[in-house]
Structure formats: structure tokens, C-alpha cells
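Chemist: Okay, handing you the structure first.
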Amino acid sequence: MERWVMILAFVCLTTSKSFAQTDIFSTNSGAINFFSSAPLEDIEAKNAKAISLINTRNSEIAVRVPIKQFQFRNGLMQEHFNENYMESERYPHATFKGKINEAIDFKKSGTYDVSATGVLNIHGVNQERTLKGRLKIDNSGMTLETKFDVLLADHKIKIPQVVFNKIAEKIAVSTSFTYKPQAK
């Protein structure tokens, strides 16, 4: 009996140790919100299906956002967003691939102001960007929050003249990702 307890204790300790030492943190329920304020109408959408990974060994970060998962208060807005502006069938995802610029000790709990430089791809158009955010590290994982603007013209998203007063040329984006360590 004592031998089984020792074996179980050893397995638990080595499993939790290897789990804690993983270099990859991920989420598949990252939140992306955007807001457009225009003279005739404010437009807001939310998406809780973004996937993201952070590799703490090399500070690389990747985000993939399924465009069709943005939810609007109005179904017609959602339809126009997917069909007329974002062309979601042709460009089903937005992505960001980059590297955190600051030297972070990912094993040390705390809150850090960070920036990541990389390529933001929206509507099939790549744009080099540096995005700023706040990274919180604790025993359960990491949380990353960012806020940035996207200019529609930078990603060749055209606004028909008919609705030009309803859609802003600059969209405010906010994100929140809660990362957990991936098992090895």
C-alpha cells in the first residue's frame, strides 16, 4: 500500500511540474470587441471565439479571429458586415502574428505594460503594427488586454457612399485573452 502511495505522489509531482514548465499558453475563447462611432449610428460587435497562443520561450504571440463570429445587436448589420464589408467567405479570419518587445519574466507574477510588433492581417491585407497592452501573470495563467484602432482604408475595406455617414473610417478595437498553460 505504501508503495502505491509513493508511486501516485511521484506521478502527481512530475505531472504538475511538467505542466507548470510549459512554454505555450493558449486560449480559444478570447474576446474581441469593436466600436464604430459615426454621425448617424454607433455600431458595436463582440466575438468570444478568438484563438491565441503565447510562447514564453521566445515571446511570440499569435491571434486568429473568426470574422463570422462577431455578434451584432441587429441581424441586418451582421449580414452587411460579413457580406459587404469584410467579405467573410473570402477572408474568414483576421490574424496577428508578432513578438512581445519587452523582456518579461513569465514565471514572475505581476502586471506589465507590454507591446508586440508584428503583422496584423484584416480583409487579406497585411499591415506591420505595434500594439500596446497590459499583461497580468499569476499562478493560474496570464491575461492580456489591448486597445487599438483600425483604419478601414488600411485594410481596403470600402464603405459605400449610401452608408458613409453610418460607419466610421476608424474602428476602436479592444481585446481580452485569458491564457492557460498547455499540457506538454
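Here, each number is a calculation from the coordinates, and none is a lab measurement. For clarity, every value in this text was computed on a predicted model and none was experimentally measured. Cβ placement follows ideal geometry from the backbone for every residue including glycine, while neighbour counts extend to all protein chains displayed.
Chemist: Considering only the other residues whose Cβ falls under 11 Å of the Cβ of N74, what net charge follows from Lys and Arg at +1 and Asp and Glu at -1?
Modeler: Spelling it out: positives minus negatives among the neighbours equals -2.
Chemist: Let me ask something else. Which shape class, rounded, prolate or oblate, goes with region 23-181 when its Cα gyration tensor gives a ≥ b ≥ c as root eigenvalues, a/c under 1.5 marks rounded, and past that a/b bigger than b/c marks prolate?
Modeler: Cα axes put region 23-181 in the prolate bin.
Chemist: Please name whichever of F177, L40, Q78 sits farthest to the positive end of the charge dipole of region 23-181, dipole taken about the Cα centre and charges placed at Cβ: Lys and Arg +1, Asp and Glu -1.
Modeler: Result: F177, furthest along the dipole toward the positive end.
Chemist: Report the FRET efficiency, 1/(1 + (r/R0)^6), for E102 and E41, where r is their Cβ-Cβ distance and R0 is 41 Å, rounded to 0.05.
Modeler: 0.60
Chemist: Let me ask another. How much length is gained on full extension from V119 to K132, taking 0.36 nm per residue of separation minus their Cα-Cα distance?
Modeler: Residue separation times 0.36 nm, minus the Cα-Cα distance, leaves 3.3 nm.
Chemist: Which links in K46/K158; K46/K147; K97/K158; K97/K132; K68/K136 stretch past 19 Å when you go from one Cα to the other?
Modeler: K46/K158; K97/K158; K68/K136
Chemist: Just want the answer: with Cβ charges of +1 for Lys and Arg and -1 for Asp and Glu, which residue in L120, Y91, T143 is farthest toward the dipole's positive end in region 23-181?
Modeler: Selected residue: T143.
Chemist: Kindly state, to the nearest 0.05, the FRET efficiency for K180 paired with K147, given R0 = 25 Å and r defined as their beta-carbon distance.
Modeler: Once rounded, the FRET efficiency stands at 0.60.
Chemist: How large is the dipole of region 23-181 about the Cα centre if only Lys and Arg carry +1 and Asp and Glu carry -1, each at its Cβ, rounded to the nearest 20 debye?
Modeler: 320 debye
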